[in-house]
Amino acid sequence: MENVNKPLTKNIRPDRAFATLADYESTGGYQGLRKAINELQPKDVQQWVKDAGLRGRGGAGFSAGLKWSMVPMDKPQTRYMIANADEMEPGTFKDRMLMEQDPHQLIEGLIIASYAIQANTAYIFLRGEYHLARQRLEYALQEARFKGYLGEHILDSDFKLEIVLHTGAGRYICGEETALLNALEGKRATPRAKPPYPLVSGLWGKPTVVNNVETLCNVPHILHYGVDWYLGLGRGADKGTKLFGASGRVKYPGLWELPMGIPIREIFEKYAGGMRDGYKLRGFLPGGASTDFLLPEHLDVFMDYEAVSKAGSRLGTGTLIVLDDKTCPVKMVLNLEQFFAQESCGWCTPCRDGLPWTVTLLKDIVAGKGRLEDLDTLTGLTRMLGPGNTFCALAPGAVEPLQSALKYFRADFERYIVAKEPA
Amino acid sequence: MNEQTEKTGFTGLSPEEIREINAETGHYENKAAVAIEALRIVQKYRRWISDECLVAVAELLDISPAQLEAVATFYNLIYRRPVGKTVIHYCNSVTCWMLGSDQVQERLCRHLNVELGQMSADGEYTVLPIVCLGACDHAPVAMVGDQLKLDITKNAVNEIFGR
């Protein structure tokens, strides 16, 4: 039975390993592609996705249809479509599930997106550690080729497409779209200067669109069930459904497909079951490691781009990382900054030198060697590494949990410094 | 370099390696683009990338060894030092850290009697940290070879070594 209120996860069932082509087709799979190719022009497909209000699910939240519409289409030339499957944001575990459980959904979304920008080669840039996802995508790609959804004359049209599955070798920065392009070209994954934007000059200098896995997974359903249906799915300003998750010391850590705009409280209490016995909620990162902390008082904020942003954080990837009252927020931030310092590509100075500096200061603080001035230095660093001062978004993202921790958990920092004791 | 040659006994890339690398080049606009895939292919057979290996791959792809070295040292899953038959990557990112990744690491290293990055005496295992493996609802987790192991708090060592 199709569950059209949960389009992204309707094929995910506990009684089978993953949805094969037959499973996928039995719930309307590849109908969206049929409609796109048989009834719509590429520009129409772009317009549908724009009208549906689908925004990027990788964290930035840019309109997918708008992105596609900015690709130069006036003359025949090579264009590339890329699925960003390099999921590596700590605390985020949604794309892995989508690819492992329902690989055809991504493939169909990628074919439709390629049709919309008239790309004849598409890449899935998959994280090297995602072995099971690779096996299942390879299997599904074979099925799709055999059935004629890939290759020459797709569904008897003039449209042709090959999808190449590329596995990366592990580095957080590969999720940044211009760094991803360098990685795909076989280079060190440092970000590129923008402009020119990849939409105009991307992979090997050709117009290129990069979309997150979950974003692409929405596309087949918008085409199949229509824009109006999609607009009806969200609860607030944003449209559609999204995979929301929770990890940490909650009763039932997990992942759920829910309407955009659902209150955080509903995710936390109803789905994650609240805190485990003996633990209290201290705060949470709403959308992965690179988002600002929010507090229990923010539980009634709606999970959409604007509302979370107004509350002082970002929707990000929509997967909550929950801080309990027995975990030290200072040490948690130290763990986060160690991650970002390690994963900095080293290309620009503020990030390369600034992030290790935050780590040094935080280590000193938790070792009982901190000074109160260090907190001012850390605050200064969050500004110096903030938006506009670095080459890409890694460092601005890295300082989000730090700046909000300094604001909300200042007493925890000061306790280490005043008591002069290691934890 | 000489000392390493003795250790690795490298006599050139094998026909299978060359065939697999060449098969990848068709998917990209130029040969240099397969650099990462090529290193992974070679590593599949040799476990790690020695200097000689690196030079041989660079020659095959018509790029300079320095360019390939810049790639090889950049990525977490390309090993430039010898590793055991099975690499155990335990996740040390935020959720796993909260739920006990430090203890997982300590138990693993103690069991194998190794430091991080070191090969166990029998050449079977190397333990390395890795960033978030995307299974935070089952933290703490680790990847043993290419198998993801979930919820390994209680008895990490037994879980992983199947005892």
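Checking every residue in the range A:15-30 against the condition of being crowded, with 17+ Cβ neighbours inside 10 Å and closer than 26 Å to A:Tyr197 by Cβ gives zero matches.
Scanning the range B:93-117 for residues that are more than 17 Å from the chain's Cα centre (by Cα), among the acidic types (Asp, Glu) and more than 11 Å from chain A (Cβ to nearest Cβ) returns a single hit, B:Glu106.
Would it be correct to say that A:Ala113 is part of a loop (DSSP other than H, G, I, E, B), modelled with pLDDT of 95 or more and among the hydrophobic types (A, V, I, L, M, F, W, C)? It is false that A:Ala113 is part of a loop (DSSP other than H, G, I, E, B), modelled with pLDDT of 95 or more and among the hydrophobic types (A, V, I, L, M, F, W, C).
Among the residues of the range A:330-345, some residue qualifies, meaning at least one is touching a helix residue (DSSP H, G or I) at 6+ places or on another chain (Cβ under 7 Å), within 11 Å of another protein chain (Cβ to nearest Cβ) and either modelled with pLDDT under 95 or farther than 23 Å from A:Ala367 by Cβ (or both). Just one of the listed residues (A:Val209, A:Val200, A:Val250, A:Val219) is more than 30 Å from A:Tyr408 (Cβ to Cβ) and touching a strand residue (DSSP E or B) at 6+ places or on another chain (Cβ under 6 Å), and it is A:Val209. Being part of a helix (DSSP H, G or I), over 23 Å from the mean Cα position of the chain (by Cα) and touching a residue at least 12 places away in the same chain (Cβ under 8 Å) holds for only one residue in A:Asp44, A:Asp23, and it is A:Asp23.
When you check B:Gly12 against the structure, is it within 13 Å of chain A (Cβ to nearest Cβ) and surrounded by fewer than 19 Cβ atoms within 10 Å (Cβ to Cβ), yes or no? Taking the combined requirement at face value, the residue does not satisfy it. Yes or no: A:Tyr172 of a type in the set (Ser, Thr, Tyr) and at the interface with another protein chain (Cβ under 8 Å from one of its Cβ atoms)? Judged against the criteria, A:Tyr172 is a match.
Residue-by-condition table, conditions (1) over 23 Å from A:Tyr130 (Cβ atoms); (2) not assigned by TED's automatic domain parsing to the domain that holds A:Ser63:
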| position | (1), (2) |
| --- | --- |
| A:Gly170 | no, no |
| A:Ala189 | no, no |
| A:Leu199 | yes, no |
| A:Val209 | no, no |
| A:Pro263 | yes, yes |
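Residue-wise test of (1) more than 14 Å from chain B (Cβ to nearest Cβ); (2) in contact (Cβ under 8 Å) with a residue 24 or more places away in the chain.
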{"residue": "A:Val209", "(1), (2)": "yes, yes"}
{"residue": "A:Asn218", "(1), (2)": "yes, yes"}
{"residue": "A:Tyr225", "(1), (2)": "yes, yes"}
{"residue": "A:Gly254", "(1), (2)": "no, no"}
{"residue": "A:Leu285", "(1), (2)": "no, yes"}
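Of the helices (runs of 4 or more DSSP H) entirely within the range B:1-110, those holding at least 1 residues that are farther than 30 Å from A:Ile163 by Cβ occupy B:2-8, B:51-61, B:65-72, B:94-98. Considering B:Leu60, B:Leu77, the condition of being outside the structural domain of B:Ala38 (by TED's automatic domain parsing), under 25 Å from A:Arg188 (Cα atoms) and surrounded by fewer than 22 Cβ atoms within 10 Å (Cβ to Cβ) is satisfied by B:Leu77 alone.
The values are calculated or read from the model by the stated rules, or taken from the named source; none is laboratory data. Keep in mind that this is a model prediction, so the values were computed, not measured. Positions of Cβ are generated from backbone atoms using ideal geometry, with glycine treated the same way; all protein chains shown enter the neighbour counts.
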